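What follows is one structure encoded as structure tokens, with my remarks underneath.
The values are calculated or read from the model by the stated rules, or taken from the named source; none is laboratory data. Only a predicted model underlies this, so the values are computations on that prediction, with no experimental measurement involved. Counting neighbours? That spans all protein chains shown, and the Cβs are built from the backbone with ideal geometry, glycine included. Remember, those area values only see protein heavy atoms, side chains included, never the ligands or the DNA or RNA. Shrake-Rupley method; radii C 1.70, N 1.55, O 1.52, S 1.80 Å.
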Amino acid sequence: MPLHQLISSMSDFTNTSEYEEKFDPRLYLETYFHLGSGSLADDFLRFVLENFNNTFKSGAVKGCKLIDIGTAPSIYQLLSACETFDDITVTWHTKRELQELQKWLNNEPDAFDWSSIIKHVCEIEGNRMGQKEKEEKLREKIKQVLMCDVSKNNPLAPHEVPGADCLTTTVCLEAACRSYDSYATALKNLSHLLKPKGTLLMAGDLGANYYEVGSNKVFSLPVNEKFLKKAISESGYEIIQLVSFGKPEDAEFGTSDYEGFYFVHAQKI
């Protein structure tokens, strides 16, 4: 799709105050994160979890410190990462979503049930451990919970965090950036959190203008592979791998106008 068509089809940007006031993080989790429920996220989760597992299992990504940008209220993207990294920092931009994540970190009775996804990850990893053991392992590896703003030169300001060996972000920049220029700026800002030769792992939707949570439409910047390759390469990274998954022809999901998914493995130059 030409860039001018992408721009003209965008939904209204969802700003921080709207997330705080209207976005229900628990409803978001209940809608999209019960694997096997038949939501559009089933395809996305299987695609992303397999790519994260394959990347970490390959041994191509190593180190001690990992920072996940835009974590809350989700943990699925870190379930394979905790097998490689011992020091994980999780982040988000709004307090409501961090509160939902904190319930899981504290193992509170009313925390969201991630068992369907944890079970799937354990299976693709070869059932090296049980679900409860996997969950506790990730909790132990998460050392910091910080607020972040990808529009800032230091996204974790006022905190000064030592350079990470790996940076992960899933379905974050498409929601946080209202334009293609701000998306590219965010990628450059994130590079300041990485060590030289550090790894960037990204995943998200292709072509999505929005996704629905209850009665609310949440903004998504509709990116495509051509844009991603250009923006990532021009922001100080070398792309090692970019893989995509197209929306099945028989998919009948009305909660988003996505066209597919992507996974990127890149290295800071």
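Summary of values
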read-out: Pair list, Cβ under 6 Å, 6 or more apart: region 168-186 residue in contact (Cβ under 8 Å) with a residue 12 or more places away in the chain, other residue of a type in the set (A, V, I, L, M, F, W, C) and part of a strand (DSSP E or B); value: THR168/LEU201; THR169/ILE69; THR169/MET202; THR170/ALA203; CYS172/ILE69
read-out: Residue in region 233-246 that is farther than 24 Å from GLN267 by Cα and either touching a Gly at 6+ places or on another chain (Cβ under 7 Å) or in a strand (DSSP E or B) (or both) present; value: yes
read-out: Subset of region 25-74 [among the small types (Gly, Ala, Ser), open to solvent by less than 10 Å² (accessible area, probe 1.4 Å) and within 23 Å of LEU187 (Cβ to Cβ)]; value: GLY70, ALA72, SER74
read-out: Selection within region 49-80 - in contact with a strand residue (DSSP E or B) (Cβ under 6 Å, 6 or more places away or on another chain) and small (Gly, Ala, Ser); value: GLY63, GLY70, ALA72
read-out: Search result, residues across region 152-190 that are open to solvent by 20 Å² or more (accessible area, probe 1.4 Å), hydrophobic (A, V, I, L, M, F, W, C) and closer than 26 Å to PHE52 by Cβ; value: VAL161, VAL171, ALA176, ALA184
read-out: Qualifying residues in region 203-217 (those that are surrounded by 23 or more Cβ atoms within 10 Å (Cβ to Cβ) and not small (Gly, Ala, Ser)) - the one nearest to SER256 (Cα to Cα); value: TYR211
read-out: Count of region 234-262 residues which are closer than 20 Å to LEU193 by Cβ, surrounded by 14 or more Cβ atoms within 10 Å (Cβ to Cβ) and of a type outside the set (Val, Ile, Thr); value: 3
read-out: Criterion (assigned to a helix (DSSP H, G or I) and either surrounded by fewer than 21 Cβ atoms within 10 Å (Cβ to Cβ) or at pLDDT below 95 (or both)) met by exactly one of LEU146, LEU98; value: LEU98
read-out: Looking only at region 126-142, and only at residues there that are touching a strand residue (DSSP E or B) at 6+ places or on another chain (Cβ under 9 Å) and farther than 20 Å from ARG96 by Cα, the one that is surrounded by the fewest Cβ atoms within 10 Å (Cβ to Cβ); value: LYS141
read-out: Single condition PHE85 does not satisfy, out of (1) open to solvent by 30 Å² or more (accessible area, probe 1.4 Å); (2) touching a residue at least 24 places away in the same chain (Cβ under 8 Å); value: (1)
read-out: Neighbours by Cβ (under 7 Å, 6+ apart or cross-chain): first from region 210-232, touching a residue at least 24 places away in the same chain (Cβ under 8 Å) and over 17 Å from GLU97 (Cα atoms); second in a strand (DSSP E or B) and open to solvent by 60 Å² or more (accessible area, probe 1.4 Å); value: TYR210/LYS217
read-out: Residue count for region 28-47, restricted to those that are in a helix (DSSP H, G or I), within 13 Å of SER74 (Cα to Cα) and among the aromatic types (Phe, Trp, Tyr); value: 2
